[in-house]
Amino acid sequence: MANFVKTFVQICNYLQDPELVARFQHFCGVEGTFPDAPNAPDSGVSEPDHPGLRKRVQQGAQSSDAGVGNGAAGDGPTPQVNGMLGDDTTGPDGSAAAADSETTIAKPLRRNSLTGDSGQEFLIHNKFLFYLFTFGTELGNEMFFIIFFPFVLWNIDALVSRRLIVVWAWNLFVGQSTKDMIRWSRPASPPVVKVEVFYNSEYSMPSTHAMTGTALPFCLFMLTYGRWQYPFLLGFCVALSWSVLVCVSRVYMGMHSVLEVITGFLYTLLILAFFQPNLGRIDNYYMMGSYAPLMIIVSHVGFGLVAFSLDSWSTSRGDTAQALGTGAGAALASHVNYLLGLQLDPPLSSLPLTLPSLSVSLVLRSMLRFFIGVAVLLVTRMIMKAVTIPFLCRLFGLPMDDVRQARQQMKVELPYRYIVYSVVGFSCVCFVPLLFKILGLA
């Protein structure tokens, strides 16, 4: 038994090693432009008083112009536009970085959400893999959810979308809360190249991108197989490919070790094993339970308060409140829909469902619903953001000139996220379908 434990620990240490991430990135054509001395804030060194516990980069530890380890800081002004910068293969120091005509200099697409750091330049030798894994990592970001859940809800199957939102919200809550309890930092850079820096100040164990990228496709497969007619192997292969793409993309981006991604994958399988027999009962209670609105609000807000008490402010807290707020709004909307007789699910006698034949009118109608609906959601989110933050700042007597600083206080961030995204979730499930009915697009 002792030998088994020792071997298991050795395997875990190997899979957690940032050198393994760096070797994978090099294999995929990612090359860092590292300085001679690595930047201290991103070294990923364990705290001496807490072996195995790593310190996250705190707000204020580095300025918005500081580097994350991909290159030397202070070599010049940071470009405002991130992404592919061109095919010039000259490195940041003016030397020739590569002779390969396929090499491109790039920067992280988005700034660090906590520090404002824009990251450092790196070299891409394989553009196909860069775009593939950038797409894969976007499958776990907010904009994808704004597109995916509404499209399924409005054009394919409302029941499936409602239940996916339930699993997504609670899966993300469990993952983010686990991160704040384990408190492992991101892989050290160098040797890892930070292709992405947006989430770099969060803790990293387990990978919540891997959790979401596993929960959504496998839950979608679990909910639709038998309800819709399609081959089992096709559905399973699509779910597995989706999950693998998201998981591998997080290693490519330098955001997670292999161990953290594998843990996120397996962790989600356990969560899905819990939801599989209970998801129908949860959804039915949300719709038909007499005390469902009260339970929805209490559970989603209560667990959010628990998550916010686990650690100092970070984007993970905001993401947790955002997911729970969306889930609460969608659940309340499903209850209202049931009371008003809107968006009724097809009778069991009509199962299994079959995809309708594609036609020009069907495609145009679906796209019209999608674009009108998403536009309504984006406008709703924009208006709610513009109204909610100033209101909360006035309410708590906080200055409104620094929104980032104001949102690092729980009394602002928690109600802000819940109010904005519960309204977005409610609009998605109730208001937009009602609008479609008024416009004759239902």
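For segment 153-172, the condition of being aromatic (Phe, Trp, Tyr), open to solvent by 10 Å² or more (accessible area, probe 1.4 Å) and over 18 Å from the mean Cα position of the chain (by Cα) holds for at least one residue. Residue check: PHE130 meets all listed conditions (1) within 22 Å of TYR421 (Cα to Cα); (2) in a helix (DSSP H, G or I); (3) touching a residue at least 60 places away in the same chain (Cβ under 8 Å) but one, namely (1). Restricting segment 309-318 to residues that are modelled with pLDDT under 70 and not in a loop (DSSP other than H, G, I, E, B), the residue that is most open to solvent (accessible area, probe 1.4 Å) is THR315. Of PHE128, PHE149, PHE122, PHE198, all but one fail to be at pLDDT 80 or above and either closer than 21 Å to GLY264 by Cα or surrounded by fewer than 19 Cβ atoms within 10 Å (Cβ to Cβ) (or both); the exception is PHE128. Which residues, counting only those in segment 1-32, are open to solvent by 70 Å² or more (accessible area, probe 1.4 Å) and within 27 Å of PHE128 (Cα to Cα)? Within segment 1-32, GLU19, ARG23, HIS26, PHE27 qualify. The conditions of being over 22 Å from TYR421 (Cβ atoms) and touching a residue at least 12 places away in the same chain (Cβ under 8 Å) are not met by THR380. Every listed requirement among (1) assigned to a helix (DSSP H, G or I); (2) at pLDDT 85 or above is met by MET181 save one, (2).
Taken together, CYS237, CYS219 contain a single residue that is open to solvent by 40 Å² or more (accessible area, probe 1.4 Å) and on the phi < 0 side of the Ramachandran plot, which is CYS237.
Pull up segment 268-308, narrow it to residues that are polar (S, T, N, Q) and within 23 Å of PRO206 (Cα to Cα), then point me to the one that is least open to solvent (accessible area, probe 1.4 Å).
Looking at the filtered set, the residue picked out is THR268.
Among the residues making up segment 252-262, a single one is of a type in the set (Val, Ile, Thr) and buried (at least 24 other Cβ atoms within 10 Å of the Cβ): VAL261.
Could you tell me which residue of segment 350-367 is most open to solvent (accessible area, probe 1.4 Å), considering only residues that are in contact (Cβ under 8 Å) with a residue 12 or more places away in the chain and assigned to a loop (DSSP other than H, G, I, E, B)?
Step by step, filter segment 350-367, then rank; the result is LEU355.
The values are calculated or read from the model by the stated rules, or taken from the named source; none is laboratory data. Model, not experiment: these values are computed from the prediction. So basically every Cβ, Gly included, is an ideal-geometry build from the backbone, and we count neighbours across all protein chains shown. Accessible surface is based on the protein model in full, side chains and every heavy atom, while ligands, DNA and RNA are left aside. Shrake-Rupley method; radii C 1.70, N 1.55, O 1.52, S 1.80 Å.
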